Structure formats: structure tokens, C-alpha cells
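A.B. asks: Take a look at this one; I'll ask things after.
The values are calculated or read from the model by the stated rules, or taken from the named source; none is laboratory data. Please read all numbers here as calculations on a predicted model, not as lab measurements. Note that we place each Cβ from the backbone using ideal geometry, even for glycine, and neighbour counts take in every protein chain shown.
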Amino acid sequence: MPDDQAPRSPLQAPAALSPAAHAFTTRLSHAGRAGTRIRGFVNPPLLRGSTMLYPNCGERQAASATRLDQALNYGTMGNPTHHALEDVVAEIEGGTRCQIVSTGLAAVTTPLLAFLKAGDHCLVPDSVYGPTRTFCDGMLVRMGIETTYYRADIDAAGIAALIRPNTTVLYTESPGSHTFEVQDIPALAQAAHARGVKVLMDNTWGIHFFQPFQHGVDVSIQALTKYVGGHSDMLLGSVTTASDEDWECVRTAALVLGQYASPDDCWLALRGARTLGLRLQHQMQSGITVAKWLAGRPEVAQVLHPALPGAPGHELWKRDFTGACSLFGVVFQSEFSTAAACAMIDSLELFGIGASWGGFESLVLPTTGLVVRTAGAWAFDGPVARFHIGLEDTSDLIADLDRGLAVLRAHPG
């Protein structure tokens, strides 16, 4: 195996770029690569494989005796294609170690299973991603782990009051799924750490714009399916940490669970990551442009976009984030029915109706009736939809929405 393809140890930290002051887009262009003075192709190779061979019994026995979190003796342990992507994601989030898993949901469940055991208690925001709630209310309950849902706008004193002697994990997601509540992560993390509680965060919306480890997060979760992939053609998740201890815990859990990501998908994510910085900036500006236009429409009661002045969570967003992704919510006026909102959505030509986001295409998803809240009442009188702004020209998207709002106004009831 050529030197530039040799697998690194799972405990070997990613090679840092020098100098560290390089801009984000520069670091994205160079992270996870062998270097500019290495003979060979620019991109890391796509390596597939299950079986690793050894030259003799002694080396195979030594590999078998290696601690599980350090082992690299079978395909499920990962290969250089996985490692290159892990290095890139660690660079994106400002962490030191990353474990790639098969999906965004696997990136949620793997660290929860890593840090929770029977008899433990977990705190989860009421605005959490729906499948995360399903996992907590289903599998964790069967394992003897209790979850308490808290209001996403809770302060440090409020979260401290909910921490029990058996509370092990404070789970956060900021902004919240569908309703985009921004949490005061530094304050919540400080309260949790004072009681020995690990802080996990779903940082898929923040991506690079929120640096989790600078704000007290221990474990950062992302669905690489979204912006890192960027082309809506693969499924991947990542779990990133800043400490070796946390990473070893996450990696051991991933290996025990048989969590394995397709190297083909990892290679696609590596390709997508090279243009991530440019796409994020473009889609952020496009998202804000469309969100501001919608906020000025009489048919719209509220736009749930943290980057808009006056929107819920804007001050926390301005303090802790350096930018915003292109996903936001829209609350229509209460005079319009859910059926009218769906008629409007059905009339749109440039917005696909679908879940996920972060790709090149614009999407819309009606969310009224699909969102569960148990720690606080649903706060909106009118129908709600979630919009993702892709790479289309904003003038075309706005013209499409303008025609759609005419359908909304014309719909009876």
C-alpha cells in the first residue's frame, strides 16, 4: 500500500494545517488530503473492503488483542476514505476527533447509547428532531432510561433545577427542529458541567457557523446528508468530540453497534465538503433574502429565521453564531386554513415537497400537525411550513412564492 494510502491509527489526531490562521474555505480545500507536495491525484482514493490481510499469525494476533476503540483489523473499523472525511468534519466543527456513522439519525443515537445506561436520566429540548424523540420515547424507555423534555428557551437556573443525581446527558439542538428556537448553549453547558453532566448537541443547522466546542459542548452531532453532501444523493452522519476520552467512548459504541458508513458515501461527502464554504455563504444570503421578502407579506404572520432582526432567538444567534444556513419556518396568518397552505405549496413549481435539506434544490414541507410538543403548547395560530432555499436565483424563487401566495388568498376557508 502506498504511503499516502496507509491507514492511520483510529487514535491518531488529524494532521493540522499550518498556519492555523488559514480561512475556512482554504482549510476545506486542503483538509483530509495527503498534501500539495505529494505525488498522486488531488483527491483521496475511494477504498472499499471488508477483509484485511496480515503477513503472519503474530501480526494478526496482535491486531486482535488491540483494544476495541483502537482496533483497525476489519472493514467496519474504517479505512483511509473514512479517515479523510473524519479529518475534514473535525476541521469544520473545530473538534479533534470524529466518528463517521451511516445516517444523521445514527449520529444522534450512537452517542446517546454511548453515554447513557439503564437507570440514567436524560434532558432533551421539546423542540428536538422528531426521530430523536421517537428514540427516547421508545428504545431508551425499554432500556430503563428516562427522558425529561424541557422548553427550548430554558435558562441555566431552569436546567439546573431539572438535573437529578442520575442525570447523565443534557441533549441540545439549536436552533430547534421546525420551530427554530435558539438555545443559550454556553449557559446550559456551564450548568450541566457543574453537575458532571455531558452536553450533546445536534449542530446540523449551525454546521460551521456555530463552533460547539468553543461554547461548552462535549459531543457535536451532524447529519452530513445535508450541507456537507450538498447534492441530496447520500446518507451520512458524524459525531465529533474535543477530548480523547469522549471520542473513545463514542467510537467504542459505534463499533459495538456495527455502525458503518459506506465509503462511497464518504467519498461523495468529501467531494461536497470542498465547495461547502461557498455554498453555505450563497445559500445563507439567498435564504435571508427570501425570508425577508416573506416577512413583508401580509399573508405571513411570522418568519422563524434566527438571523432576522426581531425573530425569536435573534439576539442569541447574533452572539453565538457567525452565520446561518438556509432553513427556516413560516407561520401564515390565522385566517388561512391548513388546506389553503397546502394548496399554496402544491402550486409551487420550484420548491420540491420533501424532508431533508441542505442540497442544491429548494424544498418546502408543511409542518402543522406533524410537530409534537409536550413541555409547552404549540405557539402558532396559523398553518406553518418549513422552507429550504437552494441554489436557484432568488428572483425566480420569489416569483414562484408570489404566485403561490395568490393561490393561498384565493383558497376558500
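A.B. asks: Just one of 337, 395, 356 is out of contact with any helix residue (DSSP H, G or I) (no Cβ under 8 Å at 6 or more places or on another chain) and at pLDDT below 95; which is it?
C.D. replies: None of the others qualify; the one that does is 356.
A.B. asks: Then there is this: From 225, 252, 241, grab the single residue that is buried (at least 23 other Cβ atoms within 10 Å of the Cβ), hydroxyl-bearing (Ser, Thr, Tyr) and farther than 30 Å from residue 361 by Cβ.
C.D. replies: Checking each option against the conditions leaves just 241.
A.B. asks: Looking at 202, 233 in this structure, which one is charged (D, E, K, R), within 16 Å of the chain's Cα centre (by Cα) and on the phi < 0 side of the Ramachandran plot?
C.D. replies: 202
A.B. asks: Please verify whether segment 233-245 includes one or more residues that are assigned by TED's automatic domain parsing to the domain that holds residue 23, assigned to a loop (DSSP other than H, G, I, E, B), under 25 Å from residue 320 (Cα atoms) and out of contact with any Phe, Trp or Tyr (no Cβ under 7 Å at 6 or more places or on another chain).
C.D. replies: Checking segment 233-245: at least one residue is assigned by TED's automatic domain parsing to the domain that holds residue 23, assigned to a loop (DSSP other than H, G, I, E, B), under 25 Å from residue 320 (Cα atoms) and out of contact with any Phe, Trp or Tyr (no Cβ under 7 Å at 6 or more places or on another chain).
A.B. asks: Go through segment 255-283 and count every residue that is surrounded by 18 or more Cβ atoms within 10 Å (Cβ to Cβ) and over 23 Å from residue 74 (Cα atoms).
C.D. replies: Looking only at that region, the number is 8.
A.B. asks: What's the number of the condition residue 87 fails, among (1) at pLDDT 90 or above; (2) closer than 17 Å to residue 256 by Cβ; (3) charged (D, E, K, R)?
C.D. replies: With (1) at pLDDT 90 or above; (2) closer than 17 Å to residue 256 by Cβ; (3) charged (D, E, K, R) applied to residue 87, the lone miss is (2).
A.B. asks: Test of understanding: among 80, 111, which residue is modelled with pLDDT under 95 and closer than 30 Å to residue 30 by Cβ?
C.D. replies: 80
A.B. asks: Now, a different point. Return the pairs, sorted by first residue and then second, in which the second residue is of a type in the set (D, E, K, R), the first residue lies in segment 88-110 and is part of a helix (DSSP H, G or I), the beta carbons are less than 8 Å apart, and the residues are 6+ apart or on different chains.
C.D. replies: 90/97; 91/27; 104/226; 108/202
A.B. asks: Of all residues in segment 144-193 being free of Cβ contacts under 8 Å to residues at least 12 places away in the same chain and in a helix (DSSP H, G or I), which is surrounded by the most Cβ atoms within 10 Å (Cβ to Cβ)?
C.D. replies: Residue satisfying both the conditions and the ranking: 158.
A.B. asks: Just a yes or no: is a residue in segment 119-133 out of contact with any His (no Cβ under 8 Å at 6 or more places or on another chain), assigned by TED's automatic domain parsing to the domain that holds residue 223, of a type in the set (Lys, Arg) and part of a helix (DSSP H, G or I)?
C.D. replies: Yes, segment 119-133 contains a residue that is out of contact with any His (no Cβ under 8 Å at 6 or more places or on another chain), assigned by TED's automatic domain parsing to the domain that holds residue 223, of a type in the set (Lys, Arg) and part of a helix (DSSP H, G or I).
A.B. asks: For segment 300-413, list the helices (runs of 4 or more DSSP H) that sit wholly inside it and hold at least 2 residues that are over 28 Å from residue 152 (Cβ atoms) and free of Cβ contacts under 8 Å to residues at least 24 places away in the same chain; which are they?
C.D. replies: 394-410
A.B. asks: Could you count how many residues in segment 39-74 are in a loop (DSSP other than H, G, I, E, B) and either surrounded by 12 or more Cβ atoms within 10 Å (Cβ to Cβ) or basic (Lys, Arg) (or both)?
C.D. replies: The total comes to 16.
A.B. asks: Quick one: in segment 373-413, which of the residues that are more than 27 Å from residue 204 (Cβ to Cβ) and among the aliphatic types (A, V, I, L, M) is surrounded by the most Cβ atoms within 10 Å (Cβ to Cβ)?
C.D. replies: Checked segment 373-413; the qualifying residue surrounded by the most Cβ atoms within 10 Å (Cβ to Cβ) is 408.
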